[in-house]
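Down below is the structure, laid out as structure tokens.
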Amino acid sequence: MSTPNILIAEDDAVLREVYVKKFSIAGYKIRAVENGQEAMNEIEKEKPDIAILDLNMPVVDGFAVLERYPRAARTFPIVVLSNFGDTKNKERGMGLGADDFFIKSEMTIKSLLEKVTMLMKAKEMWQK
């Protein structure tokens, strides 16, 4: 099997770089962008195996990306990251088809990596 391709959409440059480094070390091919418009452009170029999507980004936010790629119409899972822990944002994100939702201040890179690994294994099983 080829190297899994992850799209990371995160406007915070420091966080984006941390994600890129950790996921690269874990053996993933990474494409990183800083806003939702760039994320949609990258998805149109090549569908990722999984997308990690910040909700609060400039130009186009993560909610708009979820609306553009509803769960039923896409072939890849989306993990949402947010600085906002309120129920309203989580319910909206999950309602728009996010496969999981992490509040940045409550997560670790290890837990995010574990979730991505689990989703990739589930995707492989489903495709067989």
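No value in this document is a laboratory result; all are computed from the given coordinates. Not measured: the values here are computed from a predicted model. Because the Cβ atoms are built from the backbone with ideal geometry, glycine has one as well, and the counts that use them run over all protein chains shown.
Lys/Arg Cβ at +1, Asp/Glu Cβ at -1, dipole of region 69-108 taken about the Cα centre: which of Ala98, Ser82, Pro70 is farthest positive-ward?
Pro70
To make sure I understand the rule: partners must be lysines, Cα under 27 Å from the Cα of Lys104, and not fewer than 8 residues away in the same chain. Which ones qualify?
Lys21, Lys22, Lys29, Lys47, Lys88, Lys90, Lys115, Lys121, Lys123
Return the tail of the calculated pair distribution for the chain, meaning the percent of Cα-Cα pairs more than 20 Å apart.
Roughly 37 percent, rounded to a whole number.
How many angstrom separate the Cα center of region 7-43 from the Cα center of region 55-102?
Cα centroid of region 7-43 versus Cα centroid of region 55-102: 15 Å apart.
At what distance in nm do the modelled label points of Glu17 and Lys110 sit from each other, each positioned 7 Å from its Cα along Cα→Cβ?
Each label point is offset 7 Å from its Cα along the Cβ direction, giving 2.4 nm.
Assign unit charges at the C-beta atoms only (+1 for Lys and Arg, -1 for Asp and Glu), then state the dipole size of region 1-81 relative to its Cα centre in Debye, rounded to the nearest 20.
Using Cβ point charges on Lys, Arg, Asp and Glu, region 1-81 gives about 380 debye.
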